[in-house]
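The values are calculated or read from the model by the stated rules, or taken from the named source; none is laboratory data. Note that this is a predicted model, so its numbers are computed, not measured. Virtual Cβ from ideal backbone geometry, glycine too; neighbours counted across all protein chains shown.
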Amino acid sequence: MIAGNTERAVLHLDLDTFFVSVERLRNSRLNGKPVIVGSLSDRGVVASCSYEARQYGVSSAMPMKLAMNLCPDAIVIRGDMELYSKYSNIVTEIIAERAPLYEKASIDEHYIDLTGMDRFFGCSRWAHELRRYIIKETGLPVSMGLSVNKTVSKIAADEAKPNGEKEVAKDIVIPFLDPLSIKKIPMIGQKTYQILRAMGISTIYTLRNIPPEMLERLMGKNGIEIWKRANGIDPTPVISYSEQKSISTEHTFEKDTTDVKVLNQTLVSMVEKIAFEMRSQEKLTSCVTVKIRYSNFDTYTIQKRIPYTAFDHILISAAKELFERLWQRRMLIRLIGVRFSHLVRGVQQLDMFDDTPEKVNLYMAMDRLRKRFGRYAVQRASGVMTVQEREEKALKRLENALNEHKMMEERLKRYWW
């Protein structure tokens, strides 16, 4: 086989009912029982549920009150994001040791590019051995899909659940996709699904036979992308996890400072800024780094691993803690910076068992305002100077400018006279 014409091989690994599976590792009495991980409040939502609970109609993101009505005997667990992050990282480390190129798509999903491996070992055999090793080392169930691109491999993994394997070769991609529901296509959410169902489109077969121009008129560029995926076309590359970009920002002060209030205001404002950017990209972080540069240009950084999140209040707390640990010399500070790294794509799952629906709705409302009126439309009071503080700062700058002007006049007089 010519290297330039090598057929793509993409593996998708999905940790089945991940949160529930982790809970069962530490409490085997949950095995075989309907389990729901989520808020203990009736106003909360379901973060994850076991297959036993799904048989009653329970699903992720469902209001907890409805879930309990459907399955009153379900065991409800609040959830432990720190523990789930730990197991997620263990799986990632196993993959990193063995995979030629991998992408951590979310806390419980990975893509691996195996293109060309058939010449050396065999993609199917390699993927099977990797999945078996992850199960052996972690005790977690893993579903696997292997096909020609990310979309088909993800759908294949979904069809392999629970805890199974499915390979879809190039020549059977279309027959495999055709009878499936359009819901199986990853980028079709609830709103798009309702639009397509209103048009009488329920299967991928029907969707792929719709003229792409019609879908483009209906949904813009997304319509074309959906049509391509329905036809098994997805050139999206597996993006190396080591190349995942961090999100960061820095602020250099006009005048070196030790003013704790100003430093904290600046820190809060920066965290808000990049946390909003992160949520806009539908990403979560598990590592916060704070940097300071002193007036003598000595630069220091400190970082902390945290459970995956994109919420300001958690990230601000972590950043403040790091700053307090880092700033020991009490020298004048010239620059302060914040970086979020180890990013993964995914919805904010922490809200489903650690925060009230009101708090989640507040974040959503603030982000909508920022997207419409600019990111400074809504800010925390702790990250914003009061009117009096802004006026005092402006007056100080004016006073400094006047003093510099007077000094210049004095120098000129001495020079000329």
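Quickly run through segment 96-108 and pick out the residues that are surrounded by fewer than 21 Cβ atoms within 10 Å (Cβ to Cβ) and either of a type in the set (S, T, N, Q) or under 18 Å from ASN163 (Cα atoms) (or both).
Residue satisfying the conditions is SER106 alone.
Residue pairs, Cβ under 6 Å, 6 or more apart or interchain, first in segment 64-76 and without any contact (Cβ under 8 Å) to a residue 40 or more places away in the chain, second aromatic (Phe, Trp, Tyr). List them.
Matching pairs, first to second residue: LEU70/TYR56; CYS71/TYR56.
Name the residue that is nearest to LYS245 (Cα to Cα), counting only residues in segment 260-288 that are crowded, with 18+ Cβ neighbours inside 10 Å and hydroxyl-bearing (Ser, Thr, Tyr).
Looking at residues that are crowded, with 18+ Cβ neighbours inside 10 Å and hydroxyl-bearing (Ser, Thr, Tyr), I get THR285.
Pick out the one residue from GLY145, GLY139, GLY220 that is modelled with pLDDT of 95 or more and more than 30 Å from THR6 (Cβ to Cβ).
GLY139
Residues in segment 224-243 that are surrounded by fewer than 21 Cβ atoms within 10 Å (Cβ to Cβ) and either β-branched (Val, Ile, Thr) or touching a Pro at 6+ places or on another chain (Cβ under 7 Å) (or both): how many?
4
If I filter segment 307-330 down to residues being among the small types (Gly, Ala, Ser) and touching a helix residue (DSSP H, G or I) at 6+ places or on another chain (Cβ under 8 Å), which single residue comes out as nearest to ASN89 (Cα to Cα)?
The residue in question is ALA310.
Going by what's in this entry, would LEU114 be described as within 18 Å of HIS12 (Cβ to Cβ), touching a helix residue (DSSP H, G or I) at 6+ places or on another chain (Cβ under 9 Å) and either in the same structural domain as LYS33 (by TED's automatic domain parsing) or of a type outside the set (Phe, Trp, Tyr) (or both)?
Judged against the criteria, LEU114 is a match.
For segment 329-354, give me the residue count where each residue is touching a strand residue (DSSP E or B) at 6+ places or on another chain (Cβ under 9 Å), in a loop (DSSP other than H, G, I, E, B) and at pLDDT below 85.
Summing the residues that are touching a strand residue (DSSP E or B) at 6+ places or on another chain (Cβ under 9 Å), in a loop (DSSP other than H, G, I, E, B) and at pLDDT below 85 in segment 329-354 gives 6.
Has segment 157-177 got any residue that is more than 29 Å from GLN55 (Cβ to Cβ) and surrounded by 21 or more Cβ atoms within 10 Å (Cβ to Cβ)?
Within segment 157-177, not a single residue is more than 29 Å from GLN55 (Cβ to Cβ) and surrounded by 21 or more Cβ atoms within 10 Å (Cβ to Cβ).
Under the condition of being buried (at least 21 other Cβ atoms within 10 Å of the Cβ) and of a type outside the set (Phe, Trp, Tyr), which residue from segment 110-122 is modelled with the lowest pLDDT?
Checked segment 110-122; the qualifying residue modelled with the lowest pLDDT is LEU114.
Going through segment 50-66 one residue at a time, which ones are buried (at least 16 other Cβ atoms within 10 Å of the Cβ), farther than 23 Å from LEU140 by Cβ and among the aliphatic types (A, V, I, L, M)?
Of everything in segment 50-66, those that are buried (at least 16 other Cβ atoms within 10 Å of the Cβ), farther than 23 Å from LEU140 by Cβ and among the aliphatic types (A, V, I, L, M) turn out to be MET62, MET64.
Any idea which residue in segment 286-328 is nearest to THR266 (Cα to Cα), counting only those that are among the β-branched types (Val, Ile, Thr) and assigned to a helix (DSSP H, G or I)?
The extreme case among them is ILE316.
If I filter segment 305-323 down to residues being among the charged types (D, E, K, R) and either modelled with pLDDT under 95 or not assigned by TED's automatic domain parsing to the domain that holds CYS287 (or both), which single residue comes out as nearest to GLU272 (Cα to Cα)?
ASP312
For segment 282-291: of the residues being touching a residue at least 60 places away in the same chain (Cβ under 8 Å) and not basic (Lys, Arg), which is nearest to LYS304 (Cα to Cα)?
Within segment 282-291, the match that is nearest to LYS304 (Cα to Cα) is SER286.
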